[in-house]
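Okay, so here's the structure we're looking at.
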């Protein structure tokens, strides 16, 4: 098993290029199941979660291969040979996003058997919203031996209201609805940029979707779709993580190939901490000058502050002047990184869904253990700031969502290396 070893207090300087967004790539991969033909997807990140999902697609009879260059970010997908409708436990247990095959399989083939999903242990994240929506569209569902078994003729349009905005629920039902008979309306839908990107691709495939980017999405079903070429949007969570790395390590970074308009809430908060951020929508500079200032954070659905950057900004607050409060409203178990940050000296107390943080002058290196994907990123940021050596174990979590993180950081001055535990 791999671990990361970080010698802290090396300021960053240079340029980091942001990879394609995992959370955009996964639903777009699922969308290729909706029709036969060959898709060409660009800016696909090389991540464990992407490998898990493409393995699942291969298991369904889809041909998936990268372009000839070993380092290529272009993925060719031929979904003509889709021959199965079952997503088995051995693959689905590794990643919650595997549930995204449910809607496309049911819509295209009229049947699906999908294992209940796994993924990071950061909260319950129930799939009842997915299932309720599919039932309203005419699907017959049952849960049997850990599997969702779904059958339908052609699905029917329906009016579906989400009790709470669900990203994967919105994506799954949007994909199910594009081939349904009649019109489907999703109300209180999630509005994340990854959903907008999925909808834009589906429209390029000749779907008829209106209201993208709003909380009311209207889908008029069509009889068939066509394959397309498509590029994955940049990863806003990766971009935010590297912006925060400047806050913990110091120095100045140029961050390119991002979409800054997807990070307005994050950039606003980081400027309030004292970080200097300038540039345009696709290329920014981030510089630390002076001490960090404390700010309060409340995670919210997009366009609010993302839960996927909560652990990372907590490290900044652990080193900021004064007191701060971080309130987590999305997932109930997303403070598991707090115990590990305390091992480095952070002064953090958890009270229910809020963390009370008293800033200190310095962190000190220690062995720590990653508990989930974003927690592992927060430990890297803490290691960059800490005095001495920080060793992070269980970094397989990190490999699920960050492409070549240690190589990107080492290239801009961090003293970080991967080694066998």
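Readers should treat all values here as calculations from the given coordinates under stated rules, not as data from a laboratory. The structure displayed is predicted, hence computed values, not measured ones. Cβ placement follows ideal geometry from the backbone for every residue including glycine, while neighbour counts extend to all protein chains displayed.
Run the simple label-point estimate for residue 396 and residue 38 please: 7 Å along Cα→C-beta, distance reported in nm.
In this crude spin-label approximation the distance works out to 3.5 nm.
So how far apart, in nm, are the two label points at residue 333 and residue 223 if each is 7 Å from Cα heading toward Cβ?
It works out to 4.8 nm between the two label points.
Can you classify segment 22-231 as rounded, prolate or oblate using the Cα gyration tensor, where a ≥ b ≥ c are the square roots of its eigenvalues, rounded means a/c under 1.5, and otherwise it's prolate if a/b beats b/c and oblate if not? Don't skip to the end; give the middle numbers.
Details: a/c = 1.38, a/b = 1.20, b/c = 1.15.
Rounded shape, in that the Cα axes give a/c under 1.5.
Counting each DSSP H run of 4 or more residues in the chain as -39500 (n - 2.57), what helix-only mean residue ellipticity at 222 nm follows after dividing by all residues, to the nearest 500 deg cm²/dmol? Walk me through the intermediate numbers first.
Numbers: 14 runs with 129 residues, N = 421.
Taking each H run of at least 4 residues, the total per residue is -8500 deg cm²/dmol.
Compute the long axis of helix 167-177 from its Cα atoms, compare it with the longest principal axis of the Cα atoms of the chain, and write down the angle in degrees, 0 to 90, nearest 10.
In the chain, helix 167-177 runs at an angle near 20 degrees to the longest axis.
Could you work out how far helix 236-249 tilts from the main Cα principal axis of the chain, as a 0 to 90 degree angle to the nearest 10?
The two axes meet at around 10 degrees.
Starting from the Cα-Cα distance between residue 421 and residue 9, subtract it from 0.36 nm times their residue separation and give me the gain in nm to one decimal.
On the way: separation 412, 0.36 × 412 = 148.32 nm, distance 2.30 nm.
Difference between extended and current length: 146.0 nm.
Just to confirm my numbers, what's the Cα centroid distance between segment 27-51 and segment 164-211 in Å?
Taking the Cα centre of each part, segment 27-51 and segment 164-211 sit 17 Å apart.
Based on the alpha-carbon gyration tensor of segment 205-278 and its eigenvalue square roots a ≥ b ≥ c, which shape applies: rounded if a/c is under 1.5, prolate if not and a/b is larger than b/c, or oblate?
Numbers: a/c = 4.91, a/b = 2.40, b/c = 2.05.
Here segment 205-278 falls in the prolate category.
Quick one: helix 48-59 against the long Cα principal axis of the chain, what's the angle to the nearest 10°, folded into 0 to 90?
Roughly 20 degrees, rounded to the nearest 10.
Please sort 17-23, 272-278 by packing, taking for each peptide the average over its residues of neighbouring beta carbons within 10 angstrom, highest first. All intermediate terms of the calculation are to be shown ahead of the outcome.
Numbers: 17-23: 23.0, 272-278: 16.3.
By packing density, highest mean first, the sequence is 17-23, 272-278.
Quick one, which of (i) 125; (ii) 174; (iii) 204 is the actual volume of the Cα convex hull per residue in Å³ calculated for this model?
(i)
Decide, for segment 330-421, between rounded, prolate and oblate: order the square roots of the alpha carbon gyration tensor eigenvalues as a ≥ b ≥ c, take rounded if a/c falls under 1.5, and otherwise choose prolate if a/b is larger than b/c, else oblate. Each step should come with its number before you reach the end.
Details: a/c = 2.04, a/b = 1.34, b/c = 1.52.
Oblate.
Given the chain, what percent of its DSSP beta bridges are antiparallel, to the nearest 5? Let's see the in-between values first.
Details: 57 of 80 bridges.
Looking only at bridges with both residues in the chain, the antiparallel portion is about 70 percent.
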